[in-house]
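Below you'll find the structure, written out as structure tokens, and then a few comments.
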Amino acid sequence: MSQAPQSSAKPRLTAGLTGVATREVTEADTAIALGSGDVSVFATPALASLMEAAAVAALRDVLDEGQTTVGVQLEIQHLAATPVGMTVRAEARLMAVEGRRLSFRVSAADATEQIGVGTHQRVIVDRARFMHRTLAKQP
């Protein structure tokens, strides 16, 4: 029995795409290490980074050659603390595509509970042009 040919077309950039990122919490991820507090728990800046990584993962296979995205807005609630040694899993779901602007719903949980929720926006840019303009700021 023959199989149907596999499609080599990449997925479309459309609402509903999801991405996941995970991280085992280390001392380097804590509020103490990142300067955002004085307790040894998963820091809010680390949570923000993980949520952005999940959004990037959602887009991994859909952007055109030479394109990337940059984060332009992130609004999150950090709902619960996670200790060193636990794993945090973040998920991003693409909710809307408006031209170059991409809107995500983001969430994160450890093995016990949901620890964060929010929204995130990214903009599609030409990587070379973006870097050229950014590096032009240097004296």
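Numerical summary
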| quantity | calculated |
| --- | --- |
| Among (1) out of contact with any helix residue (DSSP H, G or I) (no Cβ under 7 Å at 6 or more places or on another chain); (2) surrounded by fewer than 15 Cβ atoms within 10 Å (Cβ to Cβ) - the single one residue 58 does not satisfy | (2) |
| Failed item in (1) in a strand (DSSP E or B); (2) surrounded by fewer than 16 Cβ atoms within 10 Å (Cβ to Cβ); (3) out of contact with any Lys or Arg (no Cβ under 8 Å at 6 or more places or on another chain), with residue 65 passing the rest | (1) |
| Residue in the range 72-92 that is at pLDDT 95 or above, of a type in the set (Ser, Thr, Tyr), under 25 Å from residue 113 (Cα atoms) and in a strand (DSSP E or B) present | yes |
| Members of the range 108-122 that are out of contact with any helix residue (DSSP H, G or I) (no Cβ under 8 Å at 6 or more places or on another chain) and crowded, with 16+ Cβ neighbours inside 10 Å | 109, 110, 117, 121 |
| The range 86-103, residues that are more than 14 Å from residue 49 (Cα to Cα), touching a strand residue (DSSP E or B) at 6+ places or on another chain (Cβ under 7 Å) and touching a residue at least 40 places away in the same chain (Cβ under 8 Å) | 87, 93, 94, 95, 96, 102 |
| Candidate set: the range 113-139, residues that are more than 17 Å from residue 73 (Cβ to Cβ) and assigned to a strand (DSSP E or B); chosen: the one farthest from the chain's Cα centre (by Cα) | 126 |
| Of all residues making up the range 9-35, the number that are exposed (fewer than 15 other Cβ atoms within 10 Å of the Cβ), part of a loop (DSSP other than H, G, I, E, B) and more than 16 Å from the chain's Cα centre (by Cα) | 7 |
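Okay, residues lined up against (1) farther than 20 Å from residue 127 by Cα; (2) at pLDDT below 95:
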position: 5; (1), (2): yes, yes
position: 21; (1), (2): yes, no
position: 57; (1), (2): no, no
position: 100; (1), (2): no, no
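The values are calculated or read from the model by the stated rules, or taken from the named source; none is laboratory data. Since the structure is predicted, the reported quantities are computational estimates derived from the model, not experimental observations. Note: ideal-geometry Cβ built from the backbone for every residue, glycine included; neighbour counts use all protein chains shown.
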